[in-house]
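S.K.: Let me give you the structure first, and then I'll get to my questions.
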Amino acid sequence: MDIATLQALKPSEFEEAADGYRATSEMASTAKDKVENQIAAGVRNQLKGAAATAAVDGLKELAQNFHYVQTECALASTALNGFAYDMAAAKRKLEAALEDAKAAGCTVGADGSVTFPAGGKEVDGKVPEGGTVSASTSATDPTSAAIERQAVNMHPNPNFGKAVEFANRIGDALKEATEADAKWAPKLRALKADDDLKVSDRDWSDVKSDQDGVSDAGKKYLDSMPQPPKDGSPKDNAAWWKGLNDEERAAWLSLRPDSVGKLDGLPSAVRDEANRVVFDETRARYQMELDSIPKPPANEWTYIATPGGWASKVHTDEWMAWHNKYGDRYEHLNKSLDGMKSIQARFDATGLATDKDHKGLPPAYLLGFSAEGNGRAIIANGNPDTARHQAVYVPGTTSNLSNIGGNVDRMTATWRVATDEADGQPVSTITWLGYDAPQDIVKDSPFRHYADDGAPAFNRFLDGLEASHTGDTPPHRTVIGHSYGSTLVGAAADHGTLNADDVVTAGSPGVTVPKAEQLDVPKGHVWNEEADGDVVPDIGRFGHGGTDWDGPWTVPSDERFGAKQMTTDTEGHSGYWDEGSDSLLNQALVVAGHGEDVKLKEPTPTWKYTR
Amino acid sequence: MSWDEWEQLKADAAARGSTSMQLNRAAPDGGGGGGDLKSDKKAWVKAGEDTKGLQDDIGKALGKLDDGQSGLGDVSGVQSAAAQKELYDSWKKYVGDVKGRCGELGGVMERSGHDLAKSDGDVKAELDKIKSKYQDTEAVGGQAKGR
């Protein structure tokens, strides 16, 4: 890039272009929400039949178009702002060098050469002449730098040295501009729209690589902005986001959706937007990877003769070779995609009601998502930031991303009943798979570390709900722990402060503490359910029950724990959220702030459970 | 503890693990929706009008996208400016096409609400036509983006 071009370049013009893309992205975001949460939800709620299904299908495709526009145009906006930022920096350096050269009496050529005037002590009766230093850049190599310094020191005219410096500064600024331009041009081209309206897995994969490309190129730009607090509290995170202007927020969202989506304290709508990008990108990436893995060989089993004379069923060598190479990854991809299907199914259920007299499901907010390891999924029914009543449910052993569907269903069921009981106040129920739950009941669930490790994240999440809530009245928050999930809730209360108003435990093997009052909520606000045939509390108490002078291994079902015992009419360890049950209704009453209407029973007397 | 208890525990865990997604669907015989023809037609019209209505917002956004380009005067010698022009052209087209899709999809839904004679099958056929119009062009899409 030459001097004339860089001088003529106005970074603000590129920033204005960026604004146009951002406006387009924002329009697409609003349109996507309208299509999914309003139009498609309305069709789903009110119409049936093949045509209605086809219409919802068409609307989902349209929503994908909008999501694609939203994400890519946001990246385009950030890229152009990043480009403008880099060019402005180079331009400032150029203009400073040009001004300084002028002030020193030099003239700068169009090619960057610097002509310096006569000057210095007279030599043989003559003032040393002026001259021209050709265009150059600063020497990066120490030897060349040394040679240059020597030349400057030897020259009788001090203006020579100044001219060398000016030429270098000008050259450096032009080099910086040229490199930035060369860096950004391909990133901008990569952001070009697809040539068809079908948003495929490949398109989402392209979006992810575009994101990486713009992030790479825009490092200086992003670094120039206020950074999120390192290990900040949810309040700190909320303050950071609040302090950003629209352009900065757009940059963070487009370049770091995975980080932004995780930050407790940020508005739920922002986290949802960020996580939905991560969700679509991850799903596409996983699907493409799965499609690229060869399928497992059809002949999986064979029989070998054993010394005893009978045949033993074993895997074929062919299958074993496949399994050693691909097996684990194949399983992980499939299971993760199953989980993502369940999450998508929840998105697609917005608007559905059980009957005409009831409200349809509210929009879902994806407050957390990751497919790594056991996976993470935090899904809210309705916006928690504007809810009067919030419920956060922690699932137990075996929970992971692949089986998230059942755990999501429990909270949609709770939402429906709690909404009925909440006197018209908005309710938000949240499924929180934000920790690594023990996966095997026999091998893993007796161990405490899953609860201890997950407790800080849970406390931060609850604090985050508090920080992001809008309005003057703080929300009424109920925490619901099922099975090992209740152990985590107890660990959270023990290690930190549980930011809740009511605690419900169902099928609890123990909450690590021996008394209800240690769960950080006011007296009378700890509620327990143990259904007939649920063996978990009596088995689990030896591992996770709390101990004090009143006795060992106390669980919430016990009288001496001090919780209110709610009646149940369901069987076993998993029925607490069965539709139409008392077990569900009692929990929903607590969630809706109507604990006084809960049906209570007497706790198990002490003599019955101590051995 | 006894093996019976452990077996029960494992059975419960297995049952929990295999819970499949059950949406609270409206009953097939018309419990949740489609109560009467008139309200059905109204629902189709509303969905159609709302979808068509998105075209206005898209138009406004395209205007802002255009406005953003107006400052970029003569920027020859700047590679990124040339790249941006290509970028802009591609999105102007894409967003314009999405606008068209809103019009088509919304139109079908709206018309099915006004036309009492259209059968469910007729409407589905029209919707399927829109879907097949917008299929993936894998071969071209991969190359045109110049990565």
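S.K.: How large is ³J(HN,Hα) for each residue in the stretch A:208-223, as worked out from phi by the Karplus curve 6.51 cos²θ - 1.76 cosθ + 1.60 (θ = phi - 60°), to whole Hz, x for Gly and Pro?
M.R.: Values, residue by residue: 5, 6, 5, 4, 4, x, 5, 4, 4, 5, x, 4, 4, 4, 5, 5 Hz.
S.K.: Let me ask something else about it. Give me the compactness ratio for the stretch A:15-95, meaning the Cα radius of gyration over 2.2 N^0.38 Å.
M.R.: Numbers: Rg = 19.0 Å, N = 81, 2.2 N^0.38 = 11.7 Å.
Expressed relative to 2.2 N^0.38 Å, the Cα Rg reads 1.63.
S.K.: Per-residue Cβ counts within 10 Å, from other chains only, averaged over A:74-82: what number is that?
M.R.: 2
S.K.: If you don't mind, there's one more thing I want to ask. So what are the ³J(HN,Hα) numbers for the stretch A:392-402, from phi and the Karplus equation (6.51, -1.76, 1.60; θ = phi - 60°), rounded to whole Hz, Gly and Pro as x?
M.R.: Values, residue by residue: 10, 10, 10, x, x, 4, 6, 5, 7, 4, 5 Hz.
S.K.: Can you give the Rg and Dmax of the protein assembly as shown based on its C-alpha atoms, in angstrom?
M.R.: Considering the protein assembly as shown through its Cα atoms, Rg and Dmax are 32.5, 118 Å.
S.K.: Let me ask another. How high is the FRET efficiency from A:Lys356 to A:Asp597, r the C-beta distance, R0 30 Å, rounded to 0.05?
M.R.: Numbers: r = 25 Å, r/R0 = 0.85.
For R0 = 30 Å, the calculated efficiency reads 0.75.
S.K.: Continuing with this model, one more query. Of A:Lys32/A:Lys198; A:Lys295/B:Lys124; B:Lys46/B:Lys99, which sit over 24 Å apart, Cα to Cα? Could the numbers behind the result be given before it?
M.R.: Values: A:Lys32/A:Lys198 15 Å; A:Lys295/B:Lys124 35 Å; B:Lys46/B:Lys99 18 Å.
Correct reply: A:Lys295/B:Lys124.
S.K.: Compute the distance in nm between two label points, each set 7 Å from the Cα along the Cα-to-Cβ direction, one at A:Asp472 and one at A:Thr547.
M.R.: Each label point lies 7 Å from its Cα, and together they span 5.1 nm.
S.K.: Averaged over its residues, how many other protein chain Cβ atoms are within 10 Å of peptide B:56-68's Cβ atoms? Let's see the in-between values first.
M.R.: Working: counts 0, 6, 6, 1, 3, 13, 4, 3, 8, 10, 1, 5, 14.
What the average comes to for B:56-68 is 6.
S.K.: Enumerate the amide H contacts of A:Leu367 below 5 Å, restricted to partners 5 or more residues apart or on another chain; note that Pro and chain-start residues carry no placed amide H.
M.R.: Result for A:Leu367 returns A:Ile378, A:Ile379, A:Ala380.
S.K.: Per residue in the stretch A:4-28, which ones lose no less than 30 Å² of accessible surface when going from chain alone to all protein chains (1.4 Å probe)?
M.R.: A:Thr5, A:Glu13, A:Phe14, A:Glu16, A:Ala17, A:Gly20, A:Tyr21, A:Ala23, A:Thr24, A:Met27
S.K.: In Å, what Kirkwood hydrodynamic radius results for the stretch A:36-176 from the alpha-carbon pair distances? Intermediate values should be presented prior to the final figure.
M.R.: Numbers: mean 1/r = 0.0500 Å⁻¹.
Kirkwood hydrodynamic radius for the stretch A:36-176: 20.0 Å.
S.K.: If you wrap the stretch A:377-609's Cα atoms in a convex hull and average its projection over all directions, what's the area in nm²? Working shown, then result.
M.R.: Details: hull surface 45.0 nm².
Result: 11.2 nm².
S.K.: Provide the convex hull volume over Cα atoms per residue for the stretch A:139-217, in Å³. Before the final figure, lay out each step's value.
M.R.: Values: hull volume 7.4 nm³, N = 79.
Looking at the stretch A:139-217, the number lands at 94 Å³ per residue.
S.K.: What is the local net charge at A:Asn299, summed over the other residues whose Cβ is closer than 11 Å to its Cβ (Lys, Arg +1; Asp, Glu -1)?
M.R.: With Lys, Arg at +1 and Asp, Glu at -1, the net is -3.
S.K.: Additional query: Could you sort A:Met340, A:Met320 by accessible area so the largest value comes first, with the probe set to 1.4 Å? All intermediate terms of the calculation are to be shown ahead of the outcome.
M.R.: Numbers: A:Met340 0, A:Met320 70 Å².
Output order, biggest surface exposure first: A:Met320, A:Met340.
S.K.: Before we go on, tell me the buried accessible area for the A/B pair, both chains summed, 1.4 Å probe, in Å² to the nearest 100. Numbers along the way, then the final one.
M.R.: Details: alone 28700 and 11750 Å², together 33040 Å².
Counting protein atoms only, the buried area is about 7400 Å².
S.K.: On to the next question. Using the heavy atoms of the protein chains alone and a 1.4 angstrom probe, what is the accessible area of the stretch A:124-213 per residue in square angstrom? Before the final figure, lay out the partial values.
M.R.: Details: 4380 Å² over 90 residues.
Here the per-residue accessible area is 49 Å².
S.K.: For the stretch A:377-609, with all protein chains present and a 1.4 Å probe, just round the carbon and sulfur fraction of the accessible area to a whole percent.
M.R.: It is 49 percent, rounded to a whole number.
S.K.: While we're on this one: Counting only heavy atoms of the protein chains, get the accessible area per residue of the stretch A:501-569 (1.4 Å probe) and round it to a whole Å² value. Provide the component values of the computation, followed by the final result.
M.R.: Values: 2450 Å² over 69 residues.
Accessible area per residue, the stretch A:501-569: 36 Å².
S.K.: Something else about it: Tally the DSSP beta bridges in chain A and give the antiparallel ones as a percent, rounded to 5. If you can, show how the numbers build up before the last one.
M.R.: Working: 26 of 50 bridges.
Counting DSSP beta bridges with both partners in chain A, the antiparallel share is about 50 percent.
S.K.: Suppose each label sits 7 Å from its Cα in the direction of the beta carbon; what would the A:Gln344-A:Asp216 distance come out to in nanometres?
M.R.: 2.9
S.K.: Still on this structure, I have one more. Over all residues in A:37-48, what is the mean tally of Cβ atoms on other chains that come within 10 Å of each residue's Cβ? Mind showing how you got there, number by number?
M.R.: Values: counts 0, 3, 11, 2, 0, 5, 8, 5, 4, 12, 13, 12.
Across the residues of A:37-48, the mean count of other-chain Cβ atoms within 10 Å is 6.
S.K.: Give, ordered by residue number, each residue of the stretch A:172-192 whose 1.4 Å probe accessible area is reduced by a minimum of 10 Å² on adding the remaining protein chains to the chain alone.
M.R.: Going by heavy-atom accessible area, the residues of the stretch A:172-192 that drop by at least 10 Å² are A:Asp181, A:Ala182, A:Ala185, A:Leu188, A:Arg189, A:Ala190, A:Leu191, A:Lys192.
S.K.: Considering protein heavy atoms only and a 1.4 Å probe radius, which residues within the stretch A:379-415 exhibit an accessible-area decrease of no less than 50 Å² in the full assembly relative to the chain by itself?
M.R.: A:Asp409
S.K.: HN-Hα J couplings of the stretch A:589-604 from phi, Karplus 6.51/-1.76/1.60, θ = phi - 60°, integer Hz, Gly and Pro as x?
M.R.: Working through the residues one at a time gives 5, 4, 4, 7, x, 10, x, 5, 9, 5, 8, 10, 9, 6, x, 4 Hz.
S.K.: How about the stretch A:266-349: which chymotrypsin sites (Phe, Trp or Tyr not before Pro) there lie in a loop by DSSP and see at most 14 other Cβ atoms within 10 Å? Present the calculation step by step, with values, prior to reporting the outcome.
M.R.: Working: sites: A:Phe279, A:Tyr286, A:Trp301, A:Tyr303, A:Trp310, A:Trp319, A:Trp322, A:Tyr326, A:Tyr330, A:Phe347; in loops: A:Trp310.
Within the stretch A:266-349, the qualifying chymotrypsin sites (Phe, Trp or Tyr not before Pro) (loop, at most 14 other Cβ atoms within 10 Å) are A:Trp310.
S.K.: Going out from 0 in 5 Å bins, what whole percent of all Cα-Cα distances in the stretch A:1-52 drops into each bin?
M.R.: Reading upward from the zero bin: 5, 16, 13, 11, 10, 9, 8, 7, 6, 5, 4, 4, 3, 0.
The values are calculated or read from the model by the stated rules, or taken from the named source; none is laboratory data. Note that the structure is a prediction, hence the values are computed from the model and not measured. All Cβ positions, glycine included, derive from the backbone under ideal geometry; neighbour counts span all protein chains shown. Heavy atoms of the whole protein, side chains included, go into the accessibility calculation; ligands, DNA and RNA do not. Shrake-Rupley method; radii C 1.70, N 1.55, O 1.52, S 1.80 Å.
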